[in-house]
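Peer 1: One structure, pasted below without further comment.
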Amino acid sequence: MPPLASTTLPTTTSTTKPNEMTGLFDKAAIDDYLQAQDSDINAAVYDLDTGQLSLYRPGALEYTASIVKVDILATLLHQAEHQGIALSDAEQDLATTMIENSDDDDANDLWDDIGQQTGLATFDSLIPMADTVPGTDGHWGGTTTTGGDQVSLLRQLVQPSHVLEQSGQAYELGLMENVESDQAWGVSAGVPAGVTLALKNGWLPLEDGGDWQVNSIGWVDGDGRDYLIAVLTKNNDTEGDGIASIQGLSPLVWNALAPSRS
């Protein structure tokens, strides 16, 4: 995606103040880490074993950058299922490279296929993802969202869903489990080998201020843990700074969710 103009995004209306923490983020080690970061972080973790949703700065909006590709594919799958048809070979090829290689040209094609922002907004309303607003004028990476909404989307891929069939869920998760090696960063940090990991990352330079939006979302399952995580960061001086912020938080979440030893 080309750079977006650097703007101050509004906060959503929420019963929790934008700077408040809940659940997991109240733990001392995680709180200390987050307070020390220069990046503005918006995060959510959903523990599939306990049903606990933890939020950090839940009212803060972020640009999706390429994590919206998960939403684009989910919308495409839902539309195909609703029409009782399978994805064409061409659509499957586009979906594979869009997710596994984060190909922007292929995302453009599928964005058109789903009806651009109208198609995405219609699908998101079914989940619902009330704080997510699709980008316009072809700028799908300019979609705004929250960590909580991204976890709601991931739940439609992992848990029984009213918007996606099991075959569609398995198809999309399979692609997210197979992202190319140079994009397997972010919420994978601190997660040992042998654990199921399905993820998608996004990065986007913001034009005016030279800052970066850097995001990572995913599903982690194994070694006594089963959770969904979304970490969205902005006001990073470089892409690397955003990656480092996410990769510092991810191991702390993994450790905090370790099963109790009796």
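The values are calculated or read from the model by the stated rules, or taken from the named source; none is laboratory data. Everything numeric in this text was worked out from a predicted model, so none of it was measured. Virtual Cβ from ideal backbone geometry, glycine too; neighbours counted across all protein chains shown. Surface areas here come from the heavy atoms of the whole protein model, side chains and all, with no ligands, DNA or RNA. Shrake-Rupley method; radii C 1.70, N 1.55, O 1.52, S 1.80 Å.
Peer 1: Could you grab me the full set of residues in the stretch 114-136 that are assigned to a loop (DSSP other than H, G, I, E, B) and open to solvent by 40 Å² or more (accessible area, probe 1.4 Å)?
Peer 2: First, the residues of the stretch 114-136 that are assigned to a loop (DSSP other than H, G, I, E, B): 114-115, 127-132, 134-136.
Passing the criteria: P128, A130, D131, T136.
Peer 1: Please name all residue pairs, on different chains or six or more residues apart, with Cβ atoms under 7 Å, provided the first residue is in the stretch 231-258 and is over 17 Å from L55 (Cα atoms) and the second residue is open to solvent by 10 Å² or more (accessible area, probe 1.4 Å) and among the polar types (S, T, N, Q).
Peer 2: Taking only residues 6 or more apart or on different chains, the pairs are N235/S39; N236/S39; D241/S39; G242/S39.
Peer 1: Could you list all residues from the stretch 29-65 that are free of Cβ contacts under 8 Å to residues at least 24 places away in the same chain and among the hydroxyl-bearing types (S, T, Y)?
Peer 2: Taking the stretch 29-65 as the starting set, the residues that turn out to be free of Cβ contacts under 8 Å to residues at least 24 places away in the same chain are 31-32, 35-36, 50-51.
Correct list: T50 only.
Peer 1: Count, please, the residues in the stretch 253-262 that happen to be within 12 Å of D47 (Cα to Cα), assigned to a loop (DSSP other than H, G, I, E, B) and either of a type in the set (V, I, T) or open to solvent by 30 Å² or more (accessible area, probe 1.4 Å) (or both).
Peer 2: Taking the stretch 253-262 first, the residues within 12 Å of D47 (Cα to Cα) are 253-254, 256-259.
Cutting the leftovers down to assigned to a loop (DSSP other than H, G, I, E, B) gives us 257-259.
Narrowing further to those that are either of a type in the set (V, I, T) or open to solvent by 30 Å² or more (accessible area, probe 1.4 Å) (or both): 258-259.
Matching residues across the stretch 253-262 total 2.
Peer 1: Open to solvent by less than 10 Å² (accessible area, probe 1.4 Å), in a loop (DSSP other than H, G, I, E, B), touching a residue at least 24 places away in the same chain (Cβ under 8 Å) and under 21 Å from D105 (Cβ atoms) - does that describe any residue in the stretch 137-160?
Peer 2: Let us first name the residues in the stretch 137-160 that are open to solvent by less than 10 Å² (accessible area, probe 1.4 Å), namely 140-141, 143, 145-147, 150-151, 153-154, 157.
Among the residues that remain, those that are also in a loop (DSSP other than H, G, I, E, B) are: 143, 146.
Next, only the ones that are touching a residue at least 24 places away in the same chain (Cβ under 8 Å) stay: 143, 146.
Applying the additional criterion that residues be under 21 Å from D105 (Cβ atoms) yields 143.
Checked against the condition, which is being open to solvent by less than 10 Å² (accessible area, probe 1.4 Å), in a loop (DSSP other than H, G, I, E, B), touching a residue at least 24 places away in the same chain (Cβ under 8 Å) and under 21 Å from D105 (Cβ atoms), the stretch 137-160 yields at least one hit.
Peer 1: Restricting the stretch 194-210 to residues that are at pLDDT below 95 and among the small types (G, A, S), which is farthest from L173 (Cα to Cα)?
Peer 2: G209
Peer 1: Further, regarding this structure: Out of (1) touching a strand residue (DSSP E or B) at 6+ places or on another chain (Cβ under 7 Å); (2) at pLDDT 95 or above; (3) exposed (fewer than 15 other Cβ atoms within 10 Å of the Cβ), the odd one out for T16 is which?
Peer 2: (2)
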